[in-house]
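Trainee: Sharing a structure here in structure tokens format.
The values are calculated or read from the model by the stated rules, or taken from the named source; none is laboratory data. Since the structure is predicted, the reported quantities are computational estimates derived from the model, not experimental observations. Cβ: placed from backbone, ideal geometry, glycine included. Neighbour counts: every protein chain shown. Ligands, DNA and RNA are excluded from the accessible area calculation, which covers all protein heavy atoms including side chains. Shrake-Rupley method; radii C 1.70, N 1.55, O 1.52, S 1.80 Å.
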Protein chains: 2
Amino acid sequence: MNLNEEVELLKLVPIFSKIEQAKLKLLAFTSERVNFAVGQEVCHQGDPGNTMYVILGGTADVLIDTAGGQIAVAEMKKNSFFGEIAILCDVPRTATIKAKEPLSTLKITKDMFYRLVAEFPQMAVEIMRELAHRLEDTNQKLRAATKAA
Amino acid sequence: MNLNEEVELLKLVPIFSKIEQAKLKLLAFTSERVNFAVGQEVCHQGDPGNTMYVILGGTADVLIDTAGGQIAVAEMKKNSFFGEIAILCDVPRTATIKAKEPLSTLKITKDMFYRLVAEFPQMAVEIMRELAHRLEDTNQKLRAATKAA
């Protein structure tokens, strides 16, 4: 894939959609594309981690260790991002992410993440928005679970 | 309180702590201080809202409507912020916030929020960090509740 095709692809990712063309070229140029085969782990719960990933294609399972073994709690699709909690909170990986379909990702290191946020505030807004949505969604599930218990 | 005292106070709030002195003056100058008496509501669940609040002093209850009536799910203290979900996700207030002790807040409008994030990326990072912490905390509670059910 050439640089222009890569830029077109990045433009479709919501957290990058408001970033201007010239800056997206820089992002395409400096970020790393990493592919994972079905069943391969992108990261493992409990491991240290300082990279986040944006899914450019394919799907992945979000797996959590429980007393009864590993369970799938969610599925991540194209344009989803993950790994930001380890970057932001300096904690080990909070879940295992495993490719369910052949997975194409954009790998963003911690350093690059902070540079991107400083340079592209709109990206920070989109990440905050997604975190706020996830938080609200999880809160609703928690209320339902507490009520059911 | 004069402007310099206000700046000193804002400096102690984590989401503003990395913002330089001169810019904090601007923030102190352009933001609004709003106080609430014990029992007074800052916002009401279900209402539209486009302001966030940072608690500068006092405590507040976070109340949620349930089939069995309103219940307190959390307490917010000095330096906590709330109301950002309504701003980021364009949804009605997800909870009622009521002063438990005399409450002093900094009121930040939606417009100002986006200007602040663009101008002070470090504030965006601190808000993302807090949202990520809350998300991880809620996820852990959800797992515990699901396990107990």
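Trainee: Taking the condition of being touching a helix residue (DSSP H, G or I) at 6+ places or on another chain (Cβ under 9 Å) and at pLDDT 95 or above, how many residues in region A:30-46 meet it?
Mentor: Residues that pass the stated criteria total 1.
Trainee: Looking only at region A:6-19, which residues are modelled with pLDDT of 85 or more, within 21 Å of B:Tyr114 (Cα to Cα) and exposed (fewer than 15 other Cβ atoms within 10 Å of the Cβ)?
Mentor: If the condition is that a residue be modelled with pLDDT of 85 or more, within 21 Å of B:Tyr114 (Cα to Cα) and exposed (fewer than 15 other Cβ atoms within 10 Å of the Cβ), then A:Ser17 is the only one that fits.
Trainee: Something else now. In region B:133-141, is there at least one residue being closer than 21 Å to B:Gln45 by Cβ and more than 9 Å from chain A (Cβ to nearest Cβ)?
Mentor: Checked region B:133-141: at least one residue is closer than 21 Å to B:Gln45 by Cβ and more than 9 Å from chain A (Cβ to nearest Cβ).
Trainee: Look through region B:50-102, keep the residues that are β-branched (Val, Ile, Thr) and touching a Lys or Arg at 6+ places or on another chain (Cβ under 6 Å), and return whichever of them is nearest to B:Tyr114 (Cα to Cα).
Mentor: For region B:50-102, the residue satisfying everything is B:Ile87.
Trainee: Yes or no: A:Asn50 within 27 Å of A:Glu8 (Cβ to Cβ) and surrounded by fewer than 22 Cβ atoms within 10 Å (Cβ to Cβ)?
Mentor: no
Trainee: With the requirement that a residue be open to solvent by 50 Å² or more (accessible area, probe 1.4 Å) and β-branched (Val, Ile, Thr), what does region B:72-90 give you?
Mentor: Correct list: B:Val73 only.
Matching residues to (1) closer than 30 Å to B:Ala144 by Cβ; (2) modelled with pLDDT of 90 or more; (3) open to solvent by 20 Å² or more (accessible area, probe 1.4 Å); (4) not in a helix (DSSP H, G or I):
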position: A:Ile97; (1), (2), (3), (4): yes, yes, no, yes
position: A:Lys107; (1), (2), (3), (4): no, yes, yes, yes
position: A:Val117; (1), (2), (3), (4): no, no, no, no
position: A:Val125; (1), (2), (3), (4): no, yes, no, no
position: A:Arg129; (1), (2), (3), (4): yes, yes, yes, no
